[in-house]
């Protein structure tokens with residue numbers, strides 16, 4: 001995960017059950033203005049992970065989300 005963070009300037013986290021040693025799910029997030037650039041960059045992340053050969057990549061999903069409006073959460077609602 002550190003390699004991905006540094007190489008691609010992305011936020012990376014392990015998702016799912018951290019005690020399951022037979023599978024791992026890694027989430028990677030990038031922010032930017034150009035959707036084509038973001039898609040290309042995220043696809044490069046997937047190829048990089050596959051090329052590392054540390055594990056078999058059984059699935060990947062690149063999803064782009066455009067946020068048209070951001071709503072600030074009030075401090076009392078943050079829990």
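The values are calculated or read from the model by the stated rules, or taken from the named source; none is laboratory data. All values reported here derive from a predicted model rather than from experimental measurement. Neighbour counts are summed over all protein chains in view; Cβ atoms, including those assigned to glycine, are modelled from backbone coordinates with ideal geometry.
Would you mind finding the one in 38, 64 that is in contact (Cβ under 8 Å) with a residue 24 or more places away in the chain, in a loop (DSSP other than H, G, I, E, B), surrounded by 11 or more Cβ atoms within 10 Å (Cβ to Cβ) and out of contact with any strand residue (DSSP E or B) (no Cβ under 6 Å at 6 or more places or on another chain)?
Going through 38, 64 in turn, just one is in contact (Cβ under 8 Å) with a residue 24 or more places away in the chain, in a loop (DSSP other than H, G, I, E, B), surrounded by 11 or more Cβ atoms within 10 Å (Cβ to Cβ) and out of contact with any strand residue (DSSP E or B) (no Cβ under 6 Å at 6 or more places or on another chain): 64.
Give me a count of the residues in the range 46-61 that are surrounded by 13 or more Cβ atoms within 10 Å (Cβ to Cβ) and either modelled with pLDDT under 90 or on the phi > 0 side of the Ramachandran plot (or both).
Pass one, the range 46-61, residues surrounded by 13 or more Cβ atoms within 10 Å (Cβ to Cβ): 46, 48-50, 57, 60.
Next cut, either modelled with pLDDT under 90 or on the phi > 0 side of the Ramachandran plot (or both) only: 57, 60.
Qualifying residue count for the region: 2.
Which of the residues that make up the range 4-35 are in a strand (DSSP E or B) and without any contact (Cβ under 8 Å) to a residue 24 or more places away in the chain? Steps first, answer last, please.
Step one: of the range 4-35, the residues in a strand (DSSP E or B) are 11-15, 25-29.
Residues satisfying the conditions are 11, 12, 13, 14, 15, 25, 27, 29.
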